[in-house]
Structure formats: C-alpha cells, structure tokens
Amino acid sequence: MKLNIKQRFLAAGKRRKKVWVNRLLATQRPRDIPIGILSQLGTLMVHRLINERDRNVVENACGELGRSVAAVLPSLSSGESVIIGVDFDFPLAIKTKGTDYTARL
C-alpha cells in the first residue's frame, strides 16, 4: 500500500520519539495543515499570523501557547518569530537576521 504525504508525515510523527526524528514544517497558512500533523510537531516556530483562524489552529495545536502569546502574533515584525515547544519552558521570542539580496546583484 502506497502512503500519501499526509499519511507518511503522520506515521513519522508517531515514531519520532523512538528514533529521535525532528521535523520542521513551514507554512503561511497553518489552517491548511491537518491538526493531527500540527499536534505531533515537538516545536513550532511561529511568525506573524494576522488571520484569526490561523492563530486559533496554532494555539489549539500547541498547549504551551497562551492567549497572551497568540495576541502578540499579529504584531510581529519582519524576521521576528516565537518558538514554542516541548523543549522550551516558555515561548521564546527571536529575531532572525535578514539576507541582503542586493549584494548578490
């Protein structure tokens, strides 16, 4: 039986603790990702989310995300994000350094 990508992702998530597998999933629309997949991710790196449905999906998938943190998500600037997960005692706000694409021209 051939598994589709959703089934493979779910299966890998169920085995991740046994084989120490970490996954990174990047999306601008978390509401399009099945809740089963989101809830299996150990760590989420959440960038600015303006859409309330997207914020609700992330908040429900990650118990560590409180309403106060969810309220901050729409106000994050470019390069800012919040890391949430089982490896963090509290949400960690970070700012990534942007790339200067003009230097390549």
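Applying a threshold of 8 Å to beta carbon distances and a minimum spacing of six or more residues, or different chains, the list of pairs starting in segment 76-93 at a residue that is assigned to a loop (DSSP other than H, G, I, E, B) and ending at one that is of a type in the set (S, T, N, Q) reads Gly79/Thr96; Val86/Thr43; Asp87/Thr43; Phe88/Thr43. Taking the criterion of being surrounded by 12 or more Cβ atoms within 10 Å (Cβ to Cβ), among the acidic types (Asp, Glu) and out of contact with any Lys or Arg (no Cβ under 8 Å at 6 or more places or on another chain), would at least one residue in segment 64-84 satisfy it? Scanning segment 64-84, I find at least one residue that is surrounded by 12 or more Cβ atoms within 10 Å (Cβ to Cβ), among the acidic types (Asp, Glu) and out of contact with any Lys or Arg (no Cβ under 8 Å at 6 or more places or on another chain), so the answer is yes.
Do we have any residue at all in segment 60-69 that's modelled with pLDDT under 85, touching a strand residue (DSSP E or B) at 6+ places or on another chain (Cβ under 8 Å) and in a helix (DSSP H, G or I)? Checked against the condition, which is being modelled with pLDDT under 85, touching a strand residue (DSSP E or B) at 6+ places or on another chain (Cβ under 8 Å) and in a helix (DSSP H, G or I), segment 60-69 yields at least one hit. Could you list all residues from segment 44-63 that are among the β-branched types (Val, Ile, Thr) and surrounded by 16 or more Cβ atoms within 10 Å (Cβ to Cβ)? Matches in segment 44-63: Val46, Val57, Val58.
The values are calculated or read from the model by the stated rules, or taken from the named source; none is laboratory data. Keep in mind it's a predicted model, so treat the numbers as computed, not measured. Counting neighbours? That spans all protein chains shown, and the Cβs are built from the backbone with ideal geometry, glycine included.
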